[in-house]
Amino acid sequence: MRWAGDFVHDAVEYWPEWVWEAGDQIDAEAINQFRGPNLERAEPTGDEQTEAQDERRGRLITMMRWRLEPDQALVLEFDHSDAFWMLTSEAIFGNSMDYLYRPVSYTPSRTAVDSDGRIRLVLTAEDPGYANWIDNQGYTEGVLNFRNIHARTVPELRTTVVERADLAAHLPPDSKRCTPEERTAAMWARFDAIRRRAKV
């Protein structure tokens, strides 16, 4: 029990502060914008150990602090490509949100692409009726974590905060919608996939 208590304490005490202080993945002062230094640094770092680790892991991470009122939505937009990426919504301490029962993370296989070749995801508290909904679970602040796998660059991640009631005016007319029945089916598919993974 002491070990478990120390682990939880250290995770809360040191992990968020380390991410904030290191600053290589996030600009802690930027709200609702991806502005981490790594967005500007596509060149190798020059550090052999770091380069070896990045080559082995093949990933690049960038994070963004978000802050929304209950009636607001954040639209995240980037160009579709063949790269494998993952986007996850987290609470302000970097802890996972409820990924089993809520759509809080996306990968290419679960994401609808608009006809103009762009991906648009909507972060908001209530289901907006669009396929790419990121449920913020009613939190007013948190973190979006974008991982680009097998790549040393991040796509241009464009964000806009809008009134949730005005979303249709900020998304293409053909942006994929999602009925309550389709959302339920998608969540069952997500639940079953996670349950299968946990059994392995």
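Bear in mind that the values in this text are calculations on the coordinates, not laboratory data. Since this is a predicted model, take the numbers as computed values, not measurements. Cβ: placed from backbone, ideal geometry, glycine included. Neighbour counts: every protein chain shown.
Some observations on this one:
- Prolate/oblate/rounded call for segment 85-200, Cα gyration tensor, a/c under 1.5 rounded: rounded
- Overall form of segment 62-122 per C-alpha gyration tensor (a/c, 1.5; a/b vs b/c): prolate
- Loop-resident GluC sites (Glu not before Pro) (DSSP state other than H, G, I, E or B) in segment 103-200 with no more than 13 further Cβ atoms inside 10 Å of their Cβ: Glu126, Glu156.
- Relative contact order [Cα under 8 Å, 6+ residues apart], the chain, whole percent: 25
- The chain: Cα Rg divided by the 2.2 N^0.38 Å rule of thumb: 1.07
- Over all other residues within a Cβ to Cβ distance under 12 Å of Arg65, the charged ones net out to -2, with Lys and Arg as +1 and Asp and Glu as -1.
- Rounded tilt (10° steps) of 2-22 against the dominant C-alpha axis of the chain: 80
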